[in-house]
Amino acid sequence: MRAEKQFLTKEYVARLNASPFFLVVDYKGLNVGQFSELRKRLMKVGSELHVIKNSIFQIAVKEAGLGDLAGSLAGQIAIVTGQKDISAAAKVIKTYQAEFDKPKIQFGYLGNQRLDKSAVVMLADLPSLEVLRGKLLGLLQTPSSQLVRLLHTPSSQLARVLQARVDKGQ
């Protein structure tokens, strides 16, 4: 392998090891402006989009210990990696695909687990991490607020009864 290809392979092995996920998309048909717009949208959610040759990426995935992608890579591929939420990156790709009918999601990896196209789309449909945290916090607060209300009810009822007696006695 030529020195340039070895350098690219090492760079992608490092990128794959640093990212908890990656998504493989077929970008065929995207022009430069559309590709730049997609990159900007992905950058907003903490992800990056890079074009790579199939053979180099296949070697990088094998060296990163993620398995063999023989036969899985076809067409003009780009790789989405990131440090944050796979759901947000998948959501950006799905939304962009709905607008321009491109790029096409092929598959992805979350940790060492391979995700097919339907699993990636399902991740895209999940609410954002902030929304899920808010819902969890709401669930955790509900029992305590109900307990406070339950403990407060008898005392407030007693206060109303006493106030009624005072009002009636006058």
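Rule-based calculations on the coordinates, nothing more; no lab input. Keep in mind it's a predicted model, so treat the numbers as computed, not measured. A quick note on method: Cβ atoms are made from the backbone with ideal geometry, for glycine too, and the neighbour counts reach across all protein chains shown.
Computed FRET efficiency, Cβ-Cβ of ARG39 and ALA14, R0 22 Å: what is it to the nearest 0.05?
Once the sixth-power term is evaluated, E becomes 0.65.
Could you pull the Rg and Dmax for segment 127-170, using just the Cα atoms, both in Å?
Cα only, segment 127-170: 18.8, 60 Å (Rg, Dmax).
Output wanted: per-residue J couplings in Hz (rounded whole) for segment 74-80, from phi through Karplus 6.51 cos²θ - 1.76 cosθ + 1.60, θ = phi - 60°, x for Gly and Pro.
9, x, 8, 9, 10, 10, 9
Output ³J(HN,Hα) for segment 134-142: one whole-Hz value per residue in order, computed from phi by the Karplus curve 6.51 cos²θ - 1.76 cosθ + 1.60 with θ = phi - 60°, and x for Gly and Pro.
x, 5, 5, 4, x, 5, 6, 7, 4
Could you identify which residue out of LEU73, LEU123, LEU151 has the top mean-square fluctuation in a GNM of the chain using Cα springs shorter than 10 Å?
LEU151
Can you tell me the alpha carbon radius of gyration of segment 3-126 divided by the globular rule-of-thumb value 2.2 N^0.38 Å?
0.98
Please compute P(r) over all alpha-carbon pairs of segment 97-170, binned at 10 Å starting from zero, and give each bin as a whole-number percent.
14, 20, 18, 13, 12, 10, 8, 5, 0
Label GLN163 and LEU139 with points 7 Å out from Cα along Cα→Cβ: what is the distance between them in nm?
So the two model labels end up 3.8 nm from each other.
Could you give each residue of segment 98-113 its phi-based ³J(HN,Hα) in whole Hz, using Karplus coefficients 6.51, -1.76, 1.60 with θ = phi - 60°, and x for Gly or Pro?
For segment 98-113, the Karplus-derived couplings read 5, 6, 10, 6, 8, x, 9, 6, 9, 6, x, 9, 10, x, 9, 9 Hz, x marking Gly and Pro.
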